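S.K.: Below is one structure. I have some questions about it.
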Amino acid sequence: QVQLVESGGGLVQAGGSLRLSCVASGPIFSIMGWYRQVPGKQRELVATTTSLGSTNYADSVKSRFIISRDNAKNTVYLQMNSLKPEDTGVYYCNYRYGLLNQWGEGTLVTVSS
C-alpha cells in the first residue's frame with residue numbers, strides 16, 4: 001500500500017481559492033485524483049489525472065478547478081478557484097495503480113458565504 005500525504009484544506013470565503021496537494025509514495029504511473037464527501041451523500045468524483053496528464057472533471061467544477069501533477073515529486077494538486085459554499089466537504093486524495101486503490105485520510109474544505 002502506498003502512503004498518501006494530503007495538505008491544503010482550510011477555511012475560505014466564497015469566491016476565494018485554495019490549493020490541495022497529495023504526495024504519493026508509490027509508482028509514478030498511476031491515476032490520481034480528488035473526491036469529496038458531505039454528510040448524507042455518496043463520495044463523488046471531483047477530478048482525476050493520469051501520469052501522462054489526461055484529466056477528468058465533475059461537471060460542477062469544470063470551469064473552476066484545475067488538477068495537475070508533478071511526476072518528479074509524485075504529487076497531485078487541485079487548484080480550486082471561485083469557491084462556492086456547496087464546495088464544502090471532506091476532500092480525499094485517491095491513488096490507483098493496477099488493482100491498487102488507495103485513499104488518503106481526507107482534508108476538510110469549508111467555504112463560507
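The values are calculated or read from the model by the stated rules, or taken from the named source; none is laboratory data. Quick caveat: nothing in here was measured; it's all calculated off a predicted structure. Cβ: placed from backbone, ideal geometry, glycine included. Neighbour counts: every protein chain shown. Keep in mind that these areas ignore ligands, DNA and RNA; they rest on the heavy atoms of the full protein, side chains included. Shrake-Rupley method; radii C 1.70, N 1.55, O 1.52, S 1.80 Å.
S.K.: On the principal axes of its Cα set, how long, how wide and how thick is the chain? Give whole Å, largest value first.
M.R.: 40, 26, 22
S.K.: By how many nm would the segment from residue 64 to residue 100 lengthen if fully extended, with 0.36 nm per residue of separation less the alpha-carbon distance?
M.R.: Gain on stretching residue 64 to residue 100: 10.0 nm.
S.K.: Next question. Which chymotrypsin sites (Phe, Trp or Tyr not before Pro) in the stretch 6-106 pass both tests, a DSSP loop state and at most 11 other beta-carbon atoms within 10 Å? If you can, show how the numbers build up before the last one.
M.R.: Working: sites: 29, 34, 35, 57, 65, 77, 91, 92, 95, 97, 103; in loops: 29.
Loop-located and lightly packed - 29.
S.K.: By average Cβ neighbour count within 10 Å, what is the ranking of 1-8, 20-27 from highest down? All intermediate terms of the calculation are to be shown ahead of the outcome.
M.R.: Values: 1-8: 14.4, 20-27: 18.2.
My ranking of the peptides, most packed first, is 20-27, 1-8.
S.K.: Additional query: Can you give me the % of accessible surface on the chain that is carbon or sulfur? Probe 1.4 Å, all protein chains present, nothing else counted. Please report the intermediate quantities before stating the final value.
M.R.: Values: 3160 of 6140 Å².
The computed percentage sits at 52.
S.K.: Does anything in the stretch 61-87 have its amide N under 17 Å from the 7 Å Cα→Cβ label point of residue 13, and if so which residues?
M.R.: From the stretch 61-87, the list is 81-86.
S.K.: For the chain, what relative contact order do you get, as a whole percent, if you take Cα pairs closer than 8 Å and at least 6 residues apart? Intermediate values should be presented prior to the final figure.
M.R.: On the way: 273 pairs, mean separation 39.6, N = 113.
Contact order relative to length: 35 percent.
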